[in-house]
Amino acid sequence: MGIQKVGVVGCGQMGAGIVEITAKAGYPVVVREISEELVEKGVGRVRKSLDRAVSRGKLSEEDRDAVMGRITPTTSLADLADCDLVIEAVIEDKELKMQLFSELDGICKPEAIFCTNTSSLVVTELAMATRRQERFACLHFFNPVPVMKLVEVVRTILTSDETFETIFEFAKAVGKTPVAAVDSSGFIVNRLLIPYLLDAIACYEQGLATREDIDTGMKLGCGHPMGPLELCDFIGLDTMYHVAEIMFDEFREPRFAPPGLLKRMVLAGRLGRKTGRGFYEYGG
């Protein structure tokens, strides 16, 4: 079950990163967005990232052009019909993802593998929107995709051994270090990370220390490259809140419940770096 051609649905921050590393690894990639404007913006992200690599001497202009030449942008799902692997990277909305996979199931060849890039949804539930549950799994990449080395390769109770082995090897082929996980909300990293970040927000809300001292304490005391509140701003507080709600709904454990301060900041539009203000301010 070799992978020769890859489709990526969604070309936002995550999708564009997946497209970039896949094309750099030598695979032809068809990337689909819902409008010409969005697909051009997404492919522009890839080009900008590759241009930075050229300016830093990490990539030649010829190799950059070769990578871009492997990318086919489209607004039609039908153009993914002959892909061997289709990776979904749209927003974290269960109904949207299930509708998308249902449509793809009727378009793509029967032997194609479907993978979601969800960080928190139940993969089995998404698989049930298709007739290829044994060829359905999760490849959970991390942001920023070209930089972060890890990929969580997640199988459901229905995923075949052949499918799992194929996508595990694909993760290696695109230069990542894969780890295996079973289908449980949050998988490995977010299962451990989200409660830690929520605890940091609760500590700040309760007046334990200043935001700076909480972050400095974890950076210098635990050797973390970024403090928890800084990391929340980087991830996006709306994303944090949404993921925490999904995990709380799944496990019904207090450690996954978002603190009140997080909810109020999201309601106020203080979402972190992407809006210029979260726990910290980012210019402008």
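Worth pointing out:
- Scanning the stretch 161-192 for residues that are polar (S, T, N, Q) and touching a helix residue (DSSP H, G or I) at 6+ places or on another chain (Cβ under 6 Å) returns T163, S185.
- Filter result for G175 (at pLDDT 95 or above, within 19 Å of the chain's Cα centre (by Cα), at positive phi and surrounded by fewer than 16 Cβ atoms within 10 Å (Cβ to Cβ)): yes
- Among the residues of the stretch 92-110, just one is part of a loop (DSSP other than H, G, I, E, B), touching a residue at least 24 places away in the same chain (Cβ under 8 Å) and under 17 Å from the mean Cα position of the chain (by Cα), namely E92.
- The lone exception for E152 - which of (1) touching a residue at least 60 places away in the same chain (Cβ under 8 Å); (2) part of a strand (DSSP E or B); (3) acidic (D, E) it fails: (1)
- Per-region count, the stretch 1-40, residues touching an Asp or Glu at 6+ places or on another chain (Cβ under 9 Å), among the charged types (D, E, K, R) and surrounded by fewer than 17 Cβ atoms within 10 Å (Cβ to Cβ): 1
- Residues being over 23 Å from E162 (Cβ atoms) and among the aliphatic types (A, V, I, L, M) - total across the stretch 10-29: 5
The values are calculated or read from the model by the stated rules, or taken from the named source; none is laboratory data. Only a predicted model underlies this, so the values are computations on that prediction, with no experimental measurement involved. Reconstructed Cβ throughout: ideal geometry from the backbone, glycine too, with neighbour counts over all protein chains shown.
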